[in-house]
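Have a look at the structure below, then the notes.
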Amino acid sequence: MARYAEPGAVEWVESGGGPLIVIPEVVLPFWSGADGDETSSDYDRACDVDGYIGLVPVGDTRALVLGDEPASTAFLPEHGTFVRWCAADSEDELLSIVPAALEAAVWEPEVHWNVPGPVVLFDAAWPGSESKRTDHLKLALEPGRYTVRATYAGPGPETWVGLVQLRRLPN
């Protein structure tokens, strides 16, 4: 994981060039990444997601694909949001604009995601069984149904951030 500030600060996950994926931990062994059939690997399915977010089947559940750009991504639990570093001079600058960006966001259509428990964010090209050998971030999400929405915001002329917000729905 990349760290741009002091240790213990935000942890960023980077991609080798393709999408990042958020997979429920219980189905990690079923994600083959770029391995497999030349024309229809799991990685290819993730790359086929059109837009900022999408869901793809994995085992008996679905994984969340963070599409569009292979931007460095962190999770801010206080906002329930994945933050994607598109353009900023520093981590402090990027993180300081998140509250205003969330408040002013014009969200894309949301998707509904059933989460069975903890999830892992990593580069979609890696097999799930190898995800701990690369940049990854484990999130202890509560089991349940979530709405997921995404946007890009440019609150400054040289500062851009992608936002993917998870909101747990009541049972």
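Every read-out reported here was derived from the displayed coordinates using simple, explicitly stated rules and does not represent laboratory data. Quantities reported herein were computed from a predicted structural model and do not represent experimental measurements. All Cβ positions, even for glycine, are placed from backbone atoms using ideal geometry, and neighbour counts span all protein chains on display.
Observations, loosely collected:
- Of the numbered criteria (1) buried (at least 16 other Cβ atoms within 10 Å of the Cβ); (2) under 17 Å from the mean Cα position of the chain (by Cα); (3) β-branched (Val, Ile, Thr), the one Thr159 fails is (2).
- Answer residue from the stretch 92-131, given it is among the acidic types (Asp, Glu) and touching a residue at least 24 places away in the same chain (Cβ under 8 Å) and is nearest to Ser41 (Cα to Cα) among those: Asp123
- When residues in the stretch 73-86 are screened for being surrounded by fewer than 18 Cβ atoms within 10 Å (Cβ to Cβ) and farther than 14 Å from Leu166 by Cβ, 1 of them pass.
- When Asp89 is tested against the conditions (1) closer than 22 Å to Thr147 by Cα; (2) acidic (Asp, Glu); (3) surrounded by fewer than 14 Cβ atoms within 10 Å (Cβ to Cβ), the lone failure is (1).
- Residue list for the stretch 92-112, filter: surrounded by 15 or more Cβ atoms within 10 Å (Cβ to Cβ) and over 17 Å from Arg167 (Cα atoms): Leu94, Leu95, Ile97
- When residues in the stretch 11-24 are screened for being assigned to a loop (DSSP other than H, G, I, E, B) and either buried (at least 18 other Cβ atoms within 10 Å of the Cβ) or on the phi < 0 side of the Ramachandran plot (or both), 6 of them pass.
- Strands (runs of 3 or more DSSP E) contained in the stretch 95-171 and holding at least 2 residues among the polar types (S, T, N, Q): 144-156, 159-168
- Selection status of Val27, among the aliphatic types (A, V, I, L, M) and assigned to a helix (DSSP H, G or I): yes
- All positions within the stretch 56-75 that are out of contact with any Leu (no Cβ under 8 Å at 6 or more places or on another chain) and part of a strand (DSSP E or B): Val56, Pro57, Val58, Thr61, Ser72
- Only one of Ser41, Ser32 that is surrounded by fewer than 21 Cβ atoms within 10 Å (Cβ to Cβ), free of Cβ contacts under 8 Å to residues at least 60 places away in the same chain and in contact with a Ser or Thr (Cβ under 8 Å, 6 or more places away or on another chain): Ser41
- Here Ala150 qualifies as within 16 Å of the chain's Cα centre (by Cα) and farther than 25 Å from Ser40 by Cβ.
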